[in-house]
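One structure below.
The values are calculated or read from the model by the stated rules, or taken from the named source; none is laboratory data. Since the structure is predicted, the reported quantities are computational estimates derived from the model, not experimental observations. Methodologically, a virtual Cβ is constructed for each residue, glycine included, from the backbone with ideal geometry; neighbour enumeration extends over all protein chains shown. These area figures cover heavy atoms from the full protein model, side chains too; ligands, DNA and RNA do not enter into them. Shrake-Rupley method; radii C 1.70, N 1.55, O 1.52, S 1.80 Å.
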Amino acid sequence: MKTEIRFEGGTLTVLLCGDIDHHAASSIRREIDREMAEKMPRKLVMDLTKTDFMDSSGLGLILGRKQKTLETGAEMILKNPSEAVTKLLRLAGVQKLISIVYE
Amino acid sequence: MKKRNYLKAVFPAVSENEALARLMTAGFLMPVGVTAQQLADIKTLVSEAVTNAVVHAYRDREAGEVKMEMSLNEKGILTVTVRDFGCGIGDVEQAMEPFFTTDREGERSGMGLPIIQAFSDSFKLRSDARGTKLVMKKKIL
């Protein structure tokens, strides 16, 4: 499954699909960073609704994007992580850095 | 102790095989009747261990192999062993620190070994110039 990216109303939404592991993360990172540089969003939403699996490489992807938003002043949220992904995020303390919303 | 089942696999230390390792893990565990959370935890353990080998083991040479073994004993304890024959970990204690990474090229979170520690019941790490061997155990039944 491919990552889907859309930009609307100043918000860049990235739908992370499938397995977000080391193999997937580098190309996804390049794609997101290119869109962020072009669109300069006020808000970055990383939608994990269709994320089947994530390991520490996915954490690195998320934390790296958080660093980018700190540099640009954009807001960032994570949306709808599964129970398994939430466990991983909480282990790394990501919820202290990035808002996680469930819809 | 007699093994209920076991799996042995050898594959190149390339990133495409991180998913392969997880698929083999799922295939091995599905008939056993583990919960969805247990399966997710063990897939994560395997993914972290294999990814460490892919990213670090052969960074100074041509990519070698990863050996993965999995066994389930009669007491319901799963043992997963992932080993490589690469450069070894220079400072194991340092590698265990959350967010520590020697990778300078990407955005490695440095959480691989801490996650393995958190998601397994026990693990042993042996590493030297001949390679690294990680043995993880988890009671699943």
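For region B:2-53, the calculated P(r), taken from all Cα-Cα distances in 10 Å bins from zero up to the bin holding the longest distance, is 23, 53, 22, 1 percent.
Given a 1.4 angstrom probe, what's the average accessible area per residue across chain A, in square angstrom?
The answer is 48 Å² per residue.
Using only Cα atoms, locate the centre of region A:29-103 and the centre of region B:1-75, then give the distance between them in Å, rounded to an integer. Taking the Cα centre of each part, region A:29-103 and region B:1-75 sit 26 Å apart. Within the straight-line cut-off of under 21 Å between alpha carbons, the lysines reachable from residue A:68 are A:39, A:43, A:79, A:96, sequence neighbours fewer than 8 places apart in one chain being disregarded. The angle between the Cα long axis of helix B:36-52 and the main principal axis of chain B comes to about 30°, on a 0 to 90 degree scale. Interface size, chains B and A: roughly 1800 Å² of accessible area buried, both sides included, 1.4 Å probe, rounded to the nearest 100. What residues of region A:71-98 lose no less than 10 Å² of accessible area with every protein chain in place versus their chain by itself (probe 1.4 Å, heavy atoms only)? Listed in order, they are A:83, A:84, A:87, A:88, A:91, A:92. Where a ≥ b ≥ c are the square roots of the eigenvalues of the C-alpha gyration tensor, would you call chain B rounded, which needs a/c under 1.5, or, failing that, prolate if a/b is larger than b/c, or oblate? Verdict is prolate for chain B.
Express in nm, to one decimal, how much length is gained between residue A:103 and residue A:49 on full extension, taking 0.36 nm for each residue of separation and deducting their alpha carbon distance.
Numbers: separation 54, 0.36 × 54 = 19.44 nm, distance 0.95 nm.
The span from residue A:103 to residue A:49 would gain 18.5 nm if fully extended.
Quick one: if the Förster radius is 51 Å, what FRET efficiency do residue B:129 and residue A:72 give, using the C-beta to C-beta distance and rounding to 0.05?
That pair, residue B:129 with residue A:72, gives E of 0.70.
Accessible surface of residue A:52, taken over heavy atoms with a 1.4 Å probe and every protein chain present, rounds to 100 Å². Once the Cα atoms are used to define both axes, helix B:16-29 deviates from the longest principal axis of chain B by about 20 degrees. Among B:110, B:64, B:27, the largest mean-square fluctuation in a Gaussian network model of chain B, built with springs joining Cα atoms closer than 10 Å, belongs to B:27.
Taking the protein heavy atoms of chain A in the context of the full set of protein chains, the accessible area attributed to carbon and sulfur is 47 percent at 1.4 Å.
State the extension gain, in nm to one decimal, for the chain segment bounded by residue B:117 and residue B:8, taking 0.36 nm per residue of separation less the distance between their alpha-carbons.
Values: separation 109, 0.36 × 109 = 39.24 nm, distance 2.26 nm.
Contour length minus Cα-Cα distance gives 37.0 nm.
Enumerate by residue number the trypsin sites (Lys or Arg not before Pro) in region A:29-103 meeting two conditions: DSSP loop (anything except H, G, I, E, B), and at most 16 other Cβ atoms within 10 Å of the site's Cβ. Provide the component values of the computation, followed by the final result.
On the way: sites: A:29, A:30, A:34, A:39, A:42, A:43, A:50, A:65, A:66, A:68, A:79, A:87, A:90, A:96; in loops: A:42, A:50.
Sparse-neighbourhood loop trypsin sites (Lys or Arg not before Pro): A:42, A:50.
In the context of the full set of protein chains, chain B has a per residue accessible area of 51 Å² (1.4 Å probe).
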